[in-house]
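The values are calculated or read from the model by the stated rules, or taken from the named source; none is laboratory data. Keep in mind the model is a prediction, meaning the values are calculated, not measured. Please note: Cβ atoms are built from the backbone with ideal geometry, for glycine as well, and neighbour counts cover all protein chains shown. The protein model used for the area step is the full one, side chains on, heavy atoms only, and it has no ligands, DNA or RNA in it. Shrake-Rupley method; radii C 1.70, N 1.55, O 1.52, S 1.80 Å.
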Amino acid sequence: MKYSDLCKYYERLEETTKNLEMRDIVAELLQNVSSDDLDIITLAAMGRIYPSSVDKDIGIAGKLIQRIISKAYGATQNEVVEKFKETGDLGKTAEYFCKNKRQRSLMKKDITVEKVFRNLRMLSETVGSGSEGRKESLVKELLVSAEPVEARYIVRTTIQEMRIGVGEGTVRDAIAKAFDVSSENVEEAYFKLIDYGEVARIAKEEGEEGLKSVEIKVGRPLMVMLAERSESLEKAFEEYENVALEIKLDGFRGQIHKDGDKITLFSRRLEDKTEQFPEVVEWARECLKPDRCIIDSEIVAVDGNGEPLVFQNLSKRIQRKYDIDRLKEEIPVQVNCFDLFFVDGENYMNRDLRTRWKKLSEIIVEKEGKFRLVEHIETDSMEEANRFYQKSLRENQEGIMVKNLDAVYQPGKRVGYWQKVKETMEPLDLVIVEGIWGEGKRSNWISSLMLAVRDPKTGEFLKTGKMATGMTEEEFAEITEKLEDLIIKEDGRSVKVKPKLVVEVGYEEIQKSPKYKSGYALRFPRMIRFRYNKSPEEADTIERLKSLYNKQN
Ligand code: AMP
């Protein structure tokens with residue numbers, strides 16, 4: 001296809017902002033190209049050079065393209081910069097200088113879409129010393145042969161700023177319209193191929209049946225499932241009939257493909273990160289029993305004791321392409337497997353989570369502290385769910401995932417089969433004013449603790465709810481020891497204590513409540529740590545509680 005013909009579509013697309021119109025224009029474009037060109041034209045419709053499954057970068061920045069424009073059209077760099085300031089668009093800048101060029105090109109010839117793709121794809125292969133010069137000539141070659149409008153889109157494609165508003169959704173619907181197939185099947189096929197170009201060719205040549213029979217290929221990344229954010233654990237918990245809860249670790253998504261001895265690791269954005277994590281490759285070979293499989297995991301950095309660390313530590317490893325062996329020692333990781341796509345020829349994405357989890361547990365040989373199943377419980381008890389949540393927070397994890405055990409693996413969209421529950425509230429420093437001696441196993445401890453905020457006007461401590469979770473056995477013992485010395489009144493198992501002991505408390509929400517004198521109650525308060533450095537006069541005040549309540553609502 002001639003590039004100038006493609007540009008006519010680009011111009012029409014740029015003129016409209018209506019989704020349906022855009023879909024129709026792209027559908028018309030797809031119908032008017034040969035099967036051979038369909039791959040690249042589908043990508044071109046989105047202004048892309050590669051499908052998302054290909055982890056390659058053209059690597060041309062604004063400064064370089066300005067220099068190329070100036071060289072291609074005999075303008076000074078300053079003139080280019082000035083025009084760019086005026087238009088705010090490097091594409092239009094190139095178009096302007098192309099129209100008004102001082103150098104007549106002797107190389108005028110029609111450019112094809114294929115030629116544009118060839119040159120731009122070569123950009124990503126061009127690395128190392130002298131690469132800038134070679135990149136320059138690849139783009140310049142296109143620009144000197146281009147008509148003004150072609151220059152506009154060549155430049156925009158090069159810097160990956162198309163400004164025509166065609167995204168994946170438009171292309172999905174355009175393929176469906178152009179080849180009379182359903183958008184759902186187009187999308188399903190896309191999740192497995194991550195290449196709308198290939199999907200379009202299948203839709204055209206093999207129709208609906210072809211799309212349906214697209215198979216998962218080990219070694220090629222799949223689109224992953226995402227979670228919705230839930231307001232509260234309770235809400236998330238009530239959403240599904242059968243619930244699984246998992247720790248939500250703060251790491252990076254690792255999609256691990258095993259094909260015999262060959263292991264490939266993809267990130268959430270489907271970039272190939274295999275080389276950065278040689279130990280993960282080694283463990284996957286060792287710990288995944290099937291010959292061929294694809295699993296979903298969260299890879300976290302761990303400290304010397306094997307405890308997960310926050311994400312920042314990991315980003316170095318994800319980005320770095322050299323010194324890998326040193327970084328491997330400096331920032332050790334742990335793989336936490338939580339889902340399954342494919343095992344030995346069988347697609348598990350259409351099975352429910354219960355089945356996937358069971359199979360996942362069967363195919364993994366855990367390697368202590370290194371390669372394991374994520375912590376996962378299945379329960380219908382809200383209390384147990386809350387305990388699990390509190391535990392995850394105590395362990396400094398992000399929170400938990402609440403998952404529908406009856407749901408399939410639905411990639412790409414936030415469909416509500418998984419929900420993440422995270423702590424967002426700022427913790428409060430509160431004073432313990434009352435307690436209740438526990439029963440059974442807890443009978444040696446004052447285990448239910450009434451928390452209070454300070455009223456700076458009266459010096460009074462105003463109750464704001466009871467806390468019974470978040471403490472370890474050692475902390476219960478420590479609290480009991482401290483409170484015993486502070487008891488001012490005992491009534492059966494209840495004790496009243498001098499307001500002295502300050503603790504940092506996390507919670508899910510602040511609610512208005514007539515039950516407590518402060519007028520507010522904390523939902524699911526949990527102990528974070530002792531605040532021995534704080535006196536009760538330094539505890540949080542009723543004003544702060546009020547303002548946090550207002551902020552939250
Ligand atoms: P967010 O990035 O906040 O949308 O949360 C979703 C991300 O949490 C996923 O992409 C995973 O990388 C990560 N994650 C951590 N633990 C789990 C888990 N147990 N199940 C699913 N995703 C998890």
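Quick rundown of the values:
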{"item": "Hits in segment 209-239 (condition: surrounded by fewer than 19 Cβ atoms within 10 Å (Cβ to Cβ), in contact with a Ser or Thr (Cβ under 9 Å, 6 or more places away or on another chain) and within 19 Å of Thr379 (Cα to Cα))", "result": "Glu239"}
{"item": "Where Lys258 falls short, out of the listed (1) within 16 Å of the ligand (Cβ to nearest atom); (2) in contact with a helix residue (DSSP H, G or I) (Cβ under 9 Å, 6 or more places away or on another chain)", "result": "(1)"}
{"item": "Among (1) more than 16 Å from the ligand (Cβ to nearest atom); (2) within 25 Å of the chain's Cα centre (by Cα); (3) touching a residue at least 12 places away in the same chain (Cβ under 8 Å); (4) not in a helix (DSSP H, G or I) - the single one Val281 does not satisfy", "result": "(4)"}
{"item": "Some residue of segment 155-175 being under 24 Å from the mean Cα position of the chain (by Cα), within 16 Å of the ligand (Cβ to nearest atom) and touching a residue at least 12 places away in the same chain (Cβ under 8 Å)", "result": "no"}
{"item": "Test result for Arg201, within 16 Å of the ligand (Cβ to nearest atom) and out of contact with any His (no Cβ under 9 Å at 6 or more places or on another chain)", "result": "no"}
{"item": "Meets criteria (surrounded by 15 or more Cβ atoms within 10 Å (Cβ to Cβ) and over 24 Å from Ala385 (Cα atoms)) for Leu428", "result": "no"}
{"item": "Options Ser297, Ser315: the member that is part of a helix (DSSP H, G or I) and assigned by TED's automatic domain parsing to the domain that holds Asp406", "result": "Ser315"}
{"item": "Total residues in segment 243-274, condition modelled with pLDDT under 95, assigned to a loop (DSSP other than H, G, I, E, B) and open to solvent by 30 Å² or more (accessible area, probe 1.4 Å)", "result": "4"}
{"item": "Which numbered condition Glu208 misses (of (1) in a loop (DSSP other than H, G, I, E, B); (2) more than 16 Å from the ligand (Cβ to nearest atom))", "result": "(1)"}
{"item": "Subset of segment 407-418 [surrounded by 15 or more Cβ atoms within 10 Å (Cβ to Cβ) and more than 10 Å from the ligand (Cβ to nearest atom)]", "result": "Ala407, Val408, Tyr409, Gln410, Pro411, Gly412, Val415, Gly416, Tyr417"}
{"item": "Qualifying positions in segment 318-339 - more than 30 Å from Val402 (Cα to Cα) and of a type in the set (Asp, Glu)", "result": "Asp323, Asp325, Glu329, Glu330"}
{"item": "Test: Met450 is away from the ligand (no atom under 13 Å from the Cβ) and touching a Ser or Thr at 6+ places or on another chain (Cβ under 9 Å)", "result": "yes"}
{"item": "Close pairs (6 angstrom Cβ cut-off, 6 or more residues apart or separate chains): in contact (Cβ under 8 Å) with a residue 24 or more places away in the chain in segment 332-343, within 13 Å of the ligand (Cβ to nearest atom) and polar (S, T, N, Q) anywhere", "result": "Val335/Ser297; Asn336/Ser297; Cys337/Ser297"}
